[in-house]
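Let me begin by presenting the structure, written as structure tokens, before commenting on it.
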Amino acid sequence: FGVAAGFLGLPLAGYTGVLLVQTAVPVWKNRLWSVLALCSGTAAAASFLHLLPLNAKEARAVEIFGLLGECGELLVANEIEKQVSGVERVGKPLHDGLTGLLWQGAKVLTVATVVISIAPGHSRKKRITAGLLGTAAGICVRFAYFLAGKRSARDARATFEQQRQVPALPAGEI
């Protein structure tokens, strides 16, 4: 049942991103947000599990699970940032102010978590440090994309500039 719950839980972890993509908020109009929500949710779950007392087999499974989520989170976050920044006004919340600090901080904390996780050794102290850093990264990424969305929604020009970037469909096509 645990394996089945794991597979069924993965789509639920990405559902927040699916909901965000379906809005008119400029910074959220990128299909990769749902993938980021999935990867970030996976990494956050593993980070939380790192804080619990685990036997060697469980700790190894959580470590692998977490590394997959963290590496996916880094790759997808960089791709989102690149795509969103194609329209400067839309990408601005990911580069400056509190939202930029949270966004960049999430990436730095995730890299630190990965480095600690792959470092030699299997001590409890190492797992707790990785768990705390990963949890902080998860909190930062969620607040960053939520607050960046609010900032971009307040900028009406960002919406118009983003719409101008989308190529028009030929007549008669939907």
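Observations on the model:
- The stretch 1-108, accessible surface, carbon-and-sulfur percent (1.4 angstrom probe): 71
- Highest-fluctuation residue, 43, 24, 136 considered, GNM on the chain with Cα pairs under 10 Å: 24
- Residue-level accessible surface for residue 116, protein heavy atoms, 1.4 Å, Å²: 40
- What the chain shows is 58 Å² of accessible area per residue, with the surface traced by a 1.4 Å probe over protein heavy atoms.
- Listed residues 92, 125 arranged by accessible area, highest first, probe 1.4 Å: 125, 92
- Computed accessible area, residue 85, all protein chains, 1.4 angstrom probe, square angstrom: 40
- Mean separation of Cα contacts under 8 Å, 6 or more apart, over the residue count of the chain: relative contact order %: 26
- Remark: the stretch 117-134, residue by residue, has Karplus-estimated 3J(HN,Hα) of 5, 8, 5, x, x, 9, 7, 5, 4, 5, 5, 5, 4, 4, x, 5, 5, x Hz, where x stands for each Gly or Pro and the curve is 6.51 cos²θ - 1.76 cosθ + 1.60 at θ = phi - 60°.
- Signed unit charges on C-beta, dipole axis of the stretch 1-128, positive-most listed residue 78, 117, 93: 117
- Take every Cα pair under 8 Å whose residues are at least 6 apart in sequence, average their separation, divide by the length of the stretch 35-106, and the relative contact order is 29 percent.
- Rounded to the nearest Hz, the phi-derived 3J(HN,Hα) couplings of the stretch 27-32 under the Karplus curve 6.51 cos²θ - 1.76 cosθ + 1.60 (θ = phi - 60°) are 5, 8, 7, 9, 4, 6, where x marks glycine and proline.
- Only Lys, Arg (+1) and Asp, Glu (-1) charged, at Cβ; the stretch 43-131 dipole about Cα centre in debye: 360
- At R0 = 25 Å, FRET efficiency that the Cβ-Cβ distance of residue 19 and residue 156 yields, to 0.05: 0.65
- In order through the stretch 77-88: 3J(HN,Hα) via Karplus (6.51 cos²θ - 1.76 cosθ + 1.60), integer Hz, x for Gly, Pro: 4, 5, 5, 4, 4, 5, 5, 5, 6, x, 10, 3
- Estimated FRET transfer efficiency when R0 is 25 angstrom, pair residue 96-residue 51 (beta carbons, to 0.05): 0.15
- In Å², nearest 10: area of residue 58 left accessible to a 1.4 Å probe: 90
The values are calculated or read from the model by the stated rules, or taken from the named source; none is laboratory data. Values in this document were obtained by computation on a predicted structure and should not be read as measured data. Glycine gets a Cβ as well: all are built from the backbone with ideal geometry, and neighbour counts include every protein chain shown. All accessible areas refer to the heavy atoms of the entire protein, side chains included, with ligands and DNA or RNA removed. Shrake-Rupley method; radii C 1.70, N 1.55, O 1.52, S 1.80 Å.
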